[in-house]
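Enquirer: Here it is, the structure, as structure tokens.
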Amino acid sequence: MAIKVIKKTVNTDLQSELKEIYEFIGNQKNIADYMQKSLEKYKGLNAIIDDHNNIKMTYDEVLAHITSFASSLQKLGISPKDFVSIFSENNGLHFICNQGIIKTGACSVLRGSCAPIKELEYILNHSESKALILSDYKILNSLKNIINSNKNLKFIVIIFPKNEKPSDLNIPVYTFDEFIEIGKNNNFIKPEINPDDNLTMLYTSGTTGNPKGVLLSHKNMLSQILPIEYGLKITVGERSLQILPVWHAYEMTTQIIFFANGFHLHFTTIPYLKDDLLKYDIDIFMSVPRIWEAIRLGIYQKLKQKSKAGYFIFDFAVKNSIRYKIHKMYCEERTPNKITNYNFIMRFYHFIARSFRKPLHIFCTNTLYKKIKSLTGLNFRASFSGGGALSLQDELFYDAIGVNIRIGYGLTETSPDLTLRHADDKNYLCSAGKPIRGTEIKIVDPETFMELGIFQKGLVLVRGPQIMKGYYKDEQATRKVIDKEGWFNTGDLGWLTVDNHLVLVGRAKETIVLSSGENIEPLPIEEACLQSSYIEQIVLVGQDKNSVGALVVPTKEALEKCGIAVNDLHKGVNLSIKNPDLKELIKKEINNYIKLKPNLASFEKIKNFEILKEAFNQENGLLSQTGKTKRNMIFDKYNDIISKMFTEKK
């Protein structure tokens, strides 16, 4: 359905913001030139520390390596507009490889080395990459047959030459050090790179099984720099901790901004995160919800193991602080929902309640919470969490103990940031923040696409210079999400508050985003499970959770096998069936049949499920006339069951 754009009064602030952004883009022209000028400013300063790979570099060394890497690419036949793939996890050398590609005018294609081999094969072929950069020989061995049959690749670069090198490859293989040496002996020829040229291609999940290549331009990335610098309140020379996958737009964008501001970047991995938070005196780092969930649970677990009394004291203090912060939020009218009772009586009530809890909160802030933060390395200036919504439980916990976590919202297709809770603003819990500079957001009716008012739930549409060029080789998919006037359909549901904060409440499209940031397409998994003779219907759940869950409707055969009479299902008020034998049967069926889903990733496995009494049908409004499940209505009806499915014990 075509998107109907409602014309509004011109926003003068928006116009001035866009003018500033486009002037910046015009002055910088491309990311390569911007990084060249930025890195030159900080020669001699420490740039990279990656103790886990024995890497330490200053800014002048980083710039020299980028130039040498780009020179080698040119020497070996890489031209502007070519595609060059990097299959590697985040590390201290990834930025050099990526910026080296960009400096030649080529387009980097980024994916993690832990992705399924079939997915990497598709990306390599779909992008028609001319060169391939891999993390180590292990992934090279896994891709050996695919590489030998590829007609586009000219050479391979190995960042860390670990494990055994395969001997039967039909194209040259260079180590990172060898590649840098080639570049040192060749002069770099600066290409002409325009703002609309391809910068990078990042792949996101597709409903047909194959991922879609999201093309981002130099203009897209440059448009993010000023708004994010403003929102993060960046100070030149700060220290950061890098842990996120660099093949996410979120991490790639912030790395560019950090290097451009003379940051000292420390690289870590999940197993070393807790140690490195204590080891490095960091100011800022980018994160995802799962990190905060794990740290919170770890704090409670250690307290419980050390002293039950200490555990209960801390838990009591946190609950008091949470209530204090909630009353404070009401007093300041920082609520994400429409409140009609902001009258004198309610304000007075919240003021009194807040005042009652304030002394204990202040005492704990200066003693207990201060010690906890010191022992866990949480004394940074701010962390910005993206890639999924932070749970309300985590938001309240960290706000209560004084850890400054801010939320950003965006998609790969939007480079990625659309909204942000600014670092020094009052924290507006449960919102995704305000639109960043130069960005328009409106809420429309999902059926008619007519614009809705504040606090009215609808489809989130966005417009701005960060919107992608399109999906590579897929104009039809591009037209489905970007209309003629530049509005991008996010597929998310939400509303805007009176002060323009965006509150997200679900997804109109079917993709599930876990708290780790991984995208899951439910249909292929559901279709695999439906091959079981014991599963009548199944709907995957898990948006913003740490794993995938499912709502399952059993077949009559399954009920009979477990001795359950259909008529008995109508007894009682419970919406789910509590039968151990049926639970075990369905669990075995899910585990057996989910394997039929091609290229099943570990995070796609169903960890929790509930068995429902009632099937989805047209009579109860959970099935459309064309037989499609109405996911959002199912989620609403079974909200309590879904919540309990993911309830954790401290």
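Enquirer: Could you check the spin-label model distance between Asn210 and Lys484? Points 7 Å from the Cα along Cα→Cβ, value in nm.
Expert: 2.9 nm
Enquirer: Hey, any idea what % of the stretch 112-186's accessible area is carbon plus sulfur with a 1.4 Å probe?
Expert: Roughly 44 percent, rounded to a whole number.
Enquirer: Additional query: Within the stretch 366-451, which trypsin sites (Lys or Arg not before Pro) sit in a loop by DSSP and count at most 14 neighbouring Cβ atoms inside 10 Å?
Expert: Lys426
Enquirer: Then there's this: Tell me the carbon and sulfur percent of the accessible area for the stretch 388-498, rounded to whole percent, probe radius 1.4 Å.
Expert: Carbon plus sulfur share of accessible area: 51 percent.
Enquirer: Could you work out how much longer the chain between Ser643 and Tyr230 gets when fully extended? Use 0.36 nm per residue separation minus the Cα distance between them, nm to one decimal.
Expert: 145.1 nm
Enquirer: What part of the accessible area of the stretch 499-591, given as a whole %, is carbon or sulfur when the probe is 1.4 angstrom?
Expert: Solvent-exposed carbon and sulfur of the stretch 499-591 make up 47 percent of the total.
Enquirer: Can you give the % of DSSP beta bridges in the chain that are antiparallel, to the nearest 5?
Expert: In the chain, approximately 50 percent of DSSP beta bridges are antiparallel ones.
Enquirer: Among (1) 80, 60, 60; (2) 136, 87, 55; (3) 125, 48, 36, find the value of Cα extents along the principal axes in Å that was calculated from the structure presented, and write down its label.
Expert: Read-out from the structure maps to (1).
Enquirer: Using Cα pairs under 8 angstrom and six or more residues apart, how large is the relative contact order of the stretch 530-650, in percent?
Expert: Computed over the stretch 530-650, the figure is 28 percent.
Enquirer: Along the Cα-to-Cβ line of Glu440, 7 Å from the Cα, sits a label point; which residues in the stretch 15-43 have backbone N less than 15 Å from it?
Expert: 15-19
Enquirer: Also, quick follow-up: Show me, for the stretch 495-501, the HN-Hα J-couplings you get by feeding each phi into the Karplus relation (A = 6.51, B = -1.76, C = 1.60, θ = phi - 60°), rounded to Hz, glycine and proline as x.
Expert: Couplings: 8, 9, 7, 5, 9, 6, 7 Hz.
Enquirer: Once the piece of chain linking Asn186 and Asp136 is laid out straight, how much longer is it, given 0.36 nm per residue of separation minus the C-alpha distance between them?
Expert: Using 0.36 nm per residue and subtracting the Cα-Cα distance, I get 15.5 nm.
Enquirer: If you don't mind, another one. To the nearest 0.05, what FRET efficiency results for Leu45 and Ser307 with a Förster distance of 56 Å applied to their C-beta separation?
Expert: For R0 = 56 Å, the calculated efficiency reads 0.80.
Enquirer: I've got another one for you. Going by amide H atoms built from the backbone, whose H comes under 5 Å of the H on Ala47, apart from near neighbours?
Expert: Here the answer is Met57, Thr58, Tyr59, since their amide H atoms fall under 5 Å of that of Ala47.
Enquirer: Separate question: So which trypsin sites (Lys or Arg not before Pro) in the stretch 515-618 end up in coil per DSSP with only 15 or fewer other C-beta atoms within 10 Å?
Expert: Numbers: sites: Lys545, Lys556, Lys561, Lys571, Lys578, Lys583, Lys587, Lys588, Lys595, Lys605, Lys607, Lys613; in loops: Lys545, Lys571, Lys578, Lys605, Lys613.
Sites meeting the loop and neighbour criteria: Lys571, Lys578, Lys605.
Enquirer: What FRET efficiency would be calculated for the residue pair Lys595, Lys75, taking the C-beta separation as r and a Förster radius of 51 Å, to the nearest 0.05? Don't jump to the answer; show the numbers that get you there.
Expert: Values: r = 46 Å, r/R0 = 0.91.
According to the calculation, E is roughly 0.65.
Enquirer: For Ser217, enumerate residues with amide H under 5 Å from its amide H, sequence gap 5+ or separate chain, H modeled in the peptide plane.
Expert: For Ser217, the qualifying residues are Leu199, Lys469.
Enquirer: Is it possible to state the helix-based mean residue ellipticity at 222 nm for the chain, with each DSSP H run of 4+ residues giving -39500 (n - 2.57), the sum divided by total residues, to the nearest 500 deg cm²/dmol? What is it?
Expert: Numbers: 22 runs with 253 residues, N = 650.
My calculation for the chain gives -12000 deg cm²/dmol from helical runs alone.
Enquirer: Additional query: Counting DSSP beta bridges in the stretch 148-239, what percent are antiparallel, to the nearest 5?
Expert: Counting only bridges with both partners in the stretch 148-239, antiparallel ones make up about 65 percent.
Enquirer: When only Cα pairs under 8 Å and 6 or more residues apart are kept, what is the percent relative contact order across the chain?
Expert: Values: 1192 pairs, mean separation 72.4, N = 650.
Relative contact order of the chain: 11 percent.
Enquirer: Moving on. Report, by chain and number, residues whose modeled amide H sits under 5 Å from the one on Gly433, excluding near sequence neighbours (fewer than 5 apart, same chain).
Expert: Leu502
Enquirer: Probe of 1.4 angstrom, ligands and nucleic acids ignored: what's the accessible area per residue over the chain, in square angstrom?
Expert: Value for the chain: 45 Å² per residue.
The values are calculated or read from the model by the stated rules, or taken from the named source; none is laboratory data. In this text, all values refer to a predicted model and were calculated from it rather than measured experimentally. When we count neighbours, we look across all protein chains shown, and the Cβ atoms used for this are built from the backbone with ideal geometry, even at glycine. Ligands, DNA and RNA are excluded from the accessible area calculation, which covers all protein heavy atoms including side chains. Shrake-Rupley method; radii C 1.70, N 1.55, O 1.52, S 1.80 Å.
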